[in-house]
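S.K.: Starting off with a structure, shown below.
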Amino acid sequence: MIKIAVDEAYAFDMLSILEVKLEESYNTQNLRNFQDFAERIEDQIGVLLEEILASDEYNILLKSNMEIFNAVNMAKKDIIKASQVDNLNYERWKAKNRLQERFFGSKTSEVKIGYGKQN
(Lines give C-alpha, C1' and ligand atoms only; values in the text may rest on other atoms or scores of the structure.)
Protein backbone atom coordinates (compact mmCIF):
# COMPACT_ATOMS: atom_id res chain seq x y z
CA MET A 1 0.00 0.00 0.00
CA ILE A 2 1.22 3.51 -0.81
CA LYS A 3 1.10 6.13 1.93
CA ILE A 4 0.98 9.77 0.84
CA ALA A 5 0.45 13.12 2.55
CA VAL A 6 -2.72 14.91 1.43
CA ASP A 7 -4.75 17.88 2.58
CA GLU A 8 -7.07 16.92 5.41
CA ALA A 9 -10.12 17.79 3.32
CA TYR A 10 -8.87 15.44 0.60
CA ALA A 11 -8.91 12.64 3.18
CA PHE A 12 -12.46 13.55 4.20
CA ASP A 13 -13.47 13.70 0.54
CA MET A 14 -12.17 10.16 0.12
CA LEU A 15 -13.96 9.09 3.30
CA SER A 16 -17.22 10.58 2.01
CA ILE A 17 -16.77 8.73 -1.30
CA LEU A 18 -16.36 5.50 0.65
CA GLU A 19 -19.53 6.39 2.57
CA VAL A 20 -21.42 6.92 -0.69
CA LYS A 21 -20.27 3.53 -1.92
CA LEU A 22 -21.37 1.99 1.38
CA GLU A 23 -24.81 3.61 1.08
CA GLU A 24 -25.17 2.54 -2.55
CA SER A 25 -23.95 -1.01 -2.02
CA TYR A 26 -23.91 -2.11 1.60
CA ASN A 27 -21.59 -5.07 1.87
CA THR A 28 -18.77 -6.27 4.08
CA GLN A 29 -15.99 -4.93 1.85
CA ASN A 30 -17.47 -1.45 1.54
CA LEU A 31 -18.08 -1.34 5.30
CA ARG A 32 -14.51 -2.46 5.98
CA ASN A 33 -13.11 0.13 3.55
CA PHE A 34 -15.04 2.94 5.24
CA GLN A 35 -14.19 1.84 8.78
CA ASP A 36 -10.49 1.27 8.05
CA PHE A 37 -10.12 4.67 6.40
CA ALA A 38 -11.98 6.42 9.22
CA GLU A 39 -9.69 4.70 11.75
CA ARG A 40 -6.59 5.90 9.89
CA ILE A 41 -7.89 9.45 10.01
CA GLU A 42 -8.83 9.14 13.67
CA ASP A 43 -5.35 7.87 14.51
CA GLN A 44 -4.02 11.19 13.24
CA ILE A 45 -6.62 13.73 14.42
CA GLY A 46 -8.35 12.00 17.33
CA VAL A 47 -11.82 13.08 18.43
CA LEU A 48 -11.87 15.88 15.85
CA LEU A 49 -13.01 13.13 13.46
CA GLU A 50 -16.37 12.90 15.23
CA GLU A 51 -16.85 16.67 15.16
CA ILE A 52 -16.10 16.80 11.44
CA LEU A 53 -18.39 13.87 10.59
CA ALA A 54 -21.24 15.63 12.43
CA SER A 55 -20.58 18.98 10.75
CA ASP A 56 -22.55 20.75 8.05
CA GLU A 57 -19.33 20.98 6.01
CA TYR A 58 -18.88 17.19 5.92
CA ASN A 59 -22.56 16.62 5.20
CA ILE A 60 -22.42 19.06 2.28
CA LEU A 61 -19.33 17.24 0.96
CA LEU A 62 -21.10 13.88 1.37
CA LYS A 63 -24.16 15.22 -0.45
CA SER A 64 -21.92 16.57 -3.23
CA ASN A 65 -20.32 13.18 -3.70
CA MET A 66 -23.72 11.47 -3.75
CA GLU A 67 -24.92 13.93 -6.41
CA ILE A 68 -21.79 13.27 -8.47
CA PHE A 69 -22.23 9.51 -8.11
CA ASN A 70 -25.81 9.79 -9.39
CA ALA A 71 -24.85 12.25 -12.13
CA VAL A 72 -22.09 10.00 -13.43
CA ASN A 73 -24.58 7.14 -13.64
CA MET A 74 -26.93 9.39 -15.62
CA ALA A 75 -24.09 10.59 -17.84
CA LYS A 76 -23.27 6.99 -18.72
CA LYS A 77 -26.69 6.89 -20.38
CA ASP A 78 -26.38 10.41 -21.85
CA ILE A 79 -29.25 11.61 -19.64
CA ILE A 80 -27.30 14.68 -18.50
CA LYS A 81 -24.51 16.73 -20.01
CA ALA A 82 -20.89 16.39 -18.98
CA SER A 83 -20.97 20.08 -18.09
CA GLN A 84 -23.55 19.31 -15.39
CA VAL A 85 -21.24 16.69 -13.88
CA ASP A 86 -18.39 19.18 -14.11
CA ASN A 87 -20.44 21.82 -12.29
CA LEU A 88 -21.19 19.35 -9.51
CA ASN A 89 -17.50 18.52 -9.27
CA TYR A 90 -16.67 22.22 -8.92
CA GLU A 91 -19.21 22.54 -6.10
CA ARG A 92 -17.53 19.55 -4.46
CA TRP A 93 -14.18 21.35 -4.66
CA LYS A 94 -15.70 24.36 -2.94
CA ALA A 95 -17.15 22.09 -0.23
CA LYS A 96 -13.71 20.57 0.38
CA ASN A 97 -12.24 24.04 0.80
CA ARG A 98 -14.93 25.06 3.28
CA LEU A 99 -14.19 21.95 5.37
CA GLN A 100 -10.44 22.58 5.16
CA GLU A 101 -10.80 26.23 6.17
CA ARG A 102 -13.15 25.60 9.09
CA PHE A 103 -11.33 22.71 10.71
CA PHE A 104 -7.72 23.18 9.61
CA GLY A 105 -7.38 26.92 8.96
CA SER A 106 -6.15 26.73 5.37
CA LYS A 107 -7.26 26.19 1.79
CA THR A 108 -6.64 22.94 -0.01
CA SER A 109 -3.61 22.72 -2.26
CA GLU A 110 -5.78 21.49 -5.16
CA VAL A 111 -5.91 23.97 -8.03
CA LYS A 112 -8.91 23.92 -10.33
CA ILE A 113 -8.04 24.76 -13.93
CA GLY A 114 -10.41 26.63 -16.22
CA TYR A 115 -12.60 28.28 -13.61
CA GLY A 116 -11.15 31.79 -13.49
CA LYS A 117 -10.64 33.20 -10.03
CA GLN A 118 -10.51 30.47 -7.38
CA ASN A 119 -13.30 30.83 -4.78
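The values are calculated or read from the model by the stated rules, or taken from the named source; none is laboratory data. Predicted, not measured: the structure shown is a model, and the values here were computed from it. Note that each Cβ is placed from the backbone with ideal geometry, even for glycine, and that neighbours are counted across all protein chains shown.
S.K.: Within region 87-111, which residues are outside any helix (DSSP H, G or I) and either surrounded by 14 or more Cβ atoms within 10 Å (Cβ to Cβ) or hydrophobic (A, V, I, L, M, F, W, C) (or both)?
M.R.: Of everything in region 87-111, those that are outside any helix (DSSP H, G or I) and either surrounded by 14 or more Cβ atoms within 10 Å (Cβ to Cβ) or hydrophobic (A, V, I, L, M, F, W, C) (or both) turn out to be K107, T108, E110, V111.
S.K.: To continue, here is another question. Of the residues that sit in region 3-50 and are in a helix (DSSP H, G or I) and touching a residue at least 60 places away in the same chain (Cβ under 8 Å), which one is farthest from A95 (Cα to Cα)?
M.R.: Here the residue is E8.
S.K.: Does Q84 satisfy the criteria of being within 18 Å of L18 (Cβ to Cβ), part of a helix (DSSP H, G or I), without any contact (Cβ under 8 Å) to a residue 40 or more places away in the chain and not β-branched (V, I, T)?
M.R.: Answer is no for this residue.
S.K.: Of everything in region 1-33, what is of a type outside the set (K, R), more than 19 Å from K107 (Cα to Cα) and touching a helix residue (DSSP H, G or I) at 6+ places or on another chain (Cβ under 7 Å)? Give them in sequence order.
M.R.: Listed by number, the residues that qualify are I17, L18, E19, V20, L22, E24, N30, L31, N33.
S.K.: Let me ask something additional. Please find, among D56, D78, the residue that is within 15 Å of the chain's Cα centre (by Cα) and either modelled with pLDDT of 95 or more or of a type outside the set (A, V, I, L, M) (or both).
M.R.: D56
S.K.: Residues K96, K107, K112: which one is within 27 Å of L49 (Cβ to Cβ) and within 14 Å of the chain's Cα centre (by Cα)?
M.R.: Result: K96 is the single residue among K96, K107, K112 that is within 27 Å of L49 (Cβ to Cβ) and within 14 Å of the chain's Cα centre (by Cα).
S.K.: For the condition buried (at least 16 other Cβ atoms within 10 Å of the Cβ) and of a type outside the set (G, A, S), what is the one hit in L18, L31?
M.R.: L18
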